[in-house]
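Asks: Handing you a structure now.
The values are calculated or read from the model by the stated rules, or taken from the named source; none is laboratory data. Being a predicted model, the structure only gives us computed values, none of them experimental. Cβ sites come from the backbone with ideal geometry, for glycine too, and all protein chains shown count toward neighbours.
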């Protein structure tokens, strides 16, 4: 809507991890300049700043001509990257643009009929459905564990650590489905792009249900496909792409997206909370596979 009605010429994005603004450090801010009455043609972007003093170097020249803006995006590019929503990814450098454009060109969207046609959705709501929850009782075989987002780690769903359970009959009635009777791929509700990783996925075991902080696969895909997608979701490459919108796995996924060694190294550098040694091993495996 905004890009259709206004000519947005510049966007500057701030991360608050240094606490510059008196609000939660995971929050991001945007400075935007636009002119009403005409659609957007091109936007100069400088994202990821953390010091307001950086604005002093912006200069007065138009954003589309200024080297201070390292990334230029157009509505056509945004449509390729994020569909009709025209969401602006967190593209901080030309390398980010190249990787995102290549990924969009290589593969259809996850939910596209030409791709996996995968559909995800929530199951129970921890607030609305709480009246049906009971304390976990290992002696009650007729109750199913209720999995929350905090019970998901990469590749692992800790259904045995849950605090609540629900009667199997109530689960079947509330879900109006028997999907919970079989294993299914799930991922956690994304809290922040500043976390160690952003996308966390696992295959939920059969005979459990999940709350609204977990998105579960609704499409009946084969088990092998679900485990393959689970591996993709947990890779740093896909996490990197999600942040814009084990080590052996990351090297394989990097090759799948046709990244060069320098591009994969750039992706790894965007995960400072991942240990240096793990990042080094991932890059080394990638380089060995490219030889």
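Asks: What's the number of the only condition in (1) within 16 Å of the chain's Cα centre (by Cα); (2) over 30 Å from residue 224 (Cβ atoms) that residue 54 fails to meet?
Replies: (1)
Asks: Out of 256, 236, 229, 217, I need the residue that is modelled with pLDDT of 80 or more, surrounded by fewer than 22 Cβ atoms within 10 Å (Cβ to Cβ), within 28 Å of residue 86 (Cα to Cα) and within 20 Å of the chain's Cα centre (by Cα). Which one?
Replies: 229
Asks: Here is a follow-up. On the basis of being in a loop (DSSP other than H, G, I, E, B), modelled with pLDDT under 90 and under 22 Å from residue 94 (Cβ atoms), does residue 19 make the cut?
Replies: Considered against the rule, which asks whether it is in a loop (DSSP other than H, G, I, E, B), modelled with pLDDT under 90 and under 22 Å from residue 94 (Cβ atoms), residue 19 comes out as no.
So that you can scan it fast, the table gives a plain yes or no per residue for (1) surrounded by 13 or more Cβ atoms within 10 Å (Cβ to Cβ); (2) modelled with pLDDT under 95; (3) within 23 Å of residue 77 (Cβ to Cβ):
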| position | (1), (2), (3) |
| --- | --- |
| 1 | no, yes, yes |
| 4 | no, yes, yes |
| 28 | yes, yes, yes |
| 42 | yes, no, yes |
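Here's the yes/no breakdown for (1) outside the structural domain of residue 208 (by TED's automatic domain parsing); (2) out of contact with any helix residue (DSSP H, G or I) (no Cβ under 8 Å at 6 or more places or on another chain); (3) part of a helix (DSSP H, G or I); (4) under 20 Å from residue 219 (Cβ atoms):
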| site | (1), (2), (3), (4) |
| --- | --- |
| 105 | yes, no, yes, no |
| 108 | yes, yes, no, yes |
| 113 | yes, yes, no, yes |
| 124 | no, no, no, yes |
| 146 | no, yes, no, no |
| 174 | no, no, yes, no |
| 177 | no, yes, no, yes |
| 180 | no, no, yes, yes |
| 186 | no, yes, no, yes |
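Asks: I'd like the residue in segment 148-168 that is modelled with pLDDT of 95 or more and in a helix (DSSP H, G or I) and, out of all such residues, is farthest from residue 227 (Cα to Cα).
Replies: 168
Asks: Give the residue, chosen from 70, 62, 75, that is in the same structural domain as residue 45 (by TED's automatic domain parsing) and out of contact with any helix residue (DSSP H, G or I) (no Cβ under 9 Å at 6 or more places or on another chain).
Replies: Checking each option against the conditions leaves just 62.
Asks: Okay, moving on. For segment 61-102, which positions are loosely packed, with under 13 Cβ neighbours inside 10 Å, touching a strand residue (DSSP E or B) at 6+ places or on another chain (Cβ under 8 Å) and over 20 Å from residue 266 (Cα atoms)?
Replies: Of everything in segment 61-102, just one residue is loosely packed, with under 13 Cβ neighbours inside 10 Å, touching a strand residue (DSSP E or B) at 6+ places or on another chain (Cβ under 8 Å) and over 20 Å from residue 266 (Cα atoms), namely 62.
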